[in-house]
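Structure first, then comments.
The values are calculated or read from the model by the stated rules, or taken from the named source; none is laboratory data. No experiment lies behind these values; they were computed from the predicted model shown. Methodologically, a virtual Cβ is constructed for each residue, glycine included, from the backbone with ideal geometry; neighbour enumeration extends over all protein chains shown. In case anyone asks, the SASA skips ligands and DNA or RNA and just uses the protein heavy atoms, side chains included. Shrake-Rupley method; radii C 1.70, N 1.55, O 1.52, S 1.80 Å.
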Amino acid sequence: MLEAKAITKTYTVKQKQGWFKREKQQVHAVKGIDLTIEPGEIVGLLGLNGAGKTTTIKMLSTLLSPSSGTITIDGHDAVQDARYLKQMVNMIAGGERMLYFRLTGKENLAFFGRLYGLNGKELTARVNALIKLVELEDAQDLPVERYSKGMKQRLQIARGLLNQPHYLFLDEPTLGLDAPIAKQLRSIVKDLAMEQNKGVLLTSHYLEEVEELCDRVYIIDKGTVMMHDTPANIINTVVLDYRVIVTTAHLNETFKHDIIKTASTKQLSIEFYDTGDGTVWEVTASFDPTQVFLDIIMTHHQPIFKLEMKMPKLEDAILQLAKERSA
């Protein structure tokens, strides 16, 4: 297990004061974060820009030492055993970084493999296996500059697996990719956790991707953890409103009043809007109201012309938390 306890990171920066004077100031990027990643699970790390995500990942991946607190990976201290632990972790970033464009895909993997101490038959076998894993056999001898964005990102995943890490840090892995390629990469990430038992830490601005992939999510802001739970529990805890919008035939005011009265006994709030197509019902509740609401419609024998369910998403929860934090 990867475990971080009360980790902090403080930087000293020089702030310009006037034309010629600079004053030293301390920046507290991370302020006491606790975090765990178990083998075989995918954990999300979310937050607005400047929340401390990148600094946290750099500390977890041994690129930075924490100012205080401890990080252990399978029982080894990340500061005292940093050289050893670099063999147990790796980071894959979104975009087109961490590759040499004039080298072929195969040459890139061979180069990075040698940096990890691989050579000879072991290196050849590892490179061939990873190229097959990310389905780049047909392009392995082409210069990377001729790769599409999706191919480059798949090659980066292969690069990140060269040292057979126990834990992977994925920073925006599907950034800028077309939907089919992004879906393929998500499938690879799932397999890495489920089939190869790797612990994965994922950051992404595509929150639907986080909902799909992550077992648990940490939401951080200004260097501290605001919330930690499963995506579903975070949504249920933070977002108050589930909505169902339905269009039926025009209703008279007496009928509307009777329905509102019935709905209130079921903890539903209903508002009506008349349009040229009929009467629009907007139903709001603190739980999924679909079944209860449909029972009411059926009881009152109303034909449904149109039905739209607006279930809360993780994005709604993030925005609500940010709003509460700034209030």
**Request:** Identify all residues within region 1-35 that are farther than 29 Å from ALA78 by Cβ and either β-branched (Val, Ile, Thr) or part of a strand (DSSP E or B) (or both); write none if there are none.
**Result:** GLN15, LYS16, GLN17, LYS21, ARG22, GLU23
**Fill in**
Checked ALA82, ALA78 against criteria (over 27 Å from ALA322 (Cα atoms), out of contact with any Phe, Trp or Tyr (no Cβ under 8 Å at 6 or more places or on another chain) and buried (at least 21 other Cβ atoms within 10 Å of the Cβ)); the one match is ALA78
**Prompt:** Which condition number does ILE33 fail, the rest of (1) on the phi > 0 side of the Ramachandran plot; (2) in contact with a helix residue (DSSP H, G or I) (Cβ under 7 Å, 6 or more places away or on another chain) being met?
**Reply:** (1)
**Message:** Let me confirm something: among ASP191, ASP141, which residue is farther than 22 Å from THR54 by Cβ and free of Cβ contacts under 8 Å to residues at least 24 places away in the same chain?
**Reply:** ASP191
**Residue satisfying all of: in region 2-19; among the polar types (S, T, N, Q) and surrounded by fewer than 14 Cβ atoms within 10 Å (Cβ to Cβ); farthest from TYR167 (Cα to Cα) among these** = GLN17
**Message:** Among the residues of region 20-34, are any open to solvent by 40 Å² or more (accessible area, probe 1.4 Å) and within 30 Å of LEU192 (Cβ to Cβ)?
**Reply:** yes
**Item:** region 55-69 residues that are without any contact (Cβ under 8 Å) to a residue 24 or more places away in the chain, paired with ones that are open to solvent by 40 Å² or more (accessible area, probe 1.4 Å) and in a helix (DSSP H, G or I) (beta carbon under 9 Å, 6 or more apart)
**Value:** none
**Request:** Scan region 196-207 and report the pairs whose first residue is over 17 Å from ILE73 (Cα atoms) and whose second residue is open to solvent by 10 Å² or more (accessible area, probe 1.4 Å) and hydroxyl-bearing (Ser, Thr, Tyr), with Cβ atoms within less than 9 Å and a gap of 6+ or a chain change.
**Result:** THR203/THR54
**Item:** Counted residues, region 50-75 - those being part of a strand (DSSP E or B) and either of a type in the set (Asp, Glu) or surrounded by fewer than 15 Cβ atoms within 10 Å (Cβ to Cβ) (or both)
**Value:** 2
**Scope region 195-221; condition in a strand (DSSP E or B) and out of contact with any strand residue (DSSP E or B) (no Cβ under 6 Å at 6 or more places or on another chain); matching residues** = ILE220, ASP221
**Request:** Report, by residue number, each residue of region 253-306 that is without any contact (Cβ under 8 Å) to a residue 12 or more places away in the chain and of a type in the set (Lys, Arg).
**Result:** LYS261
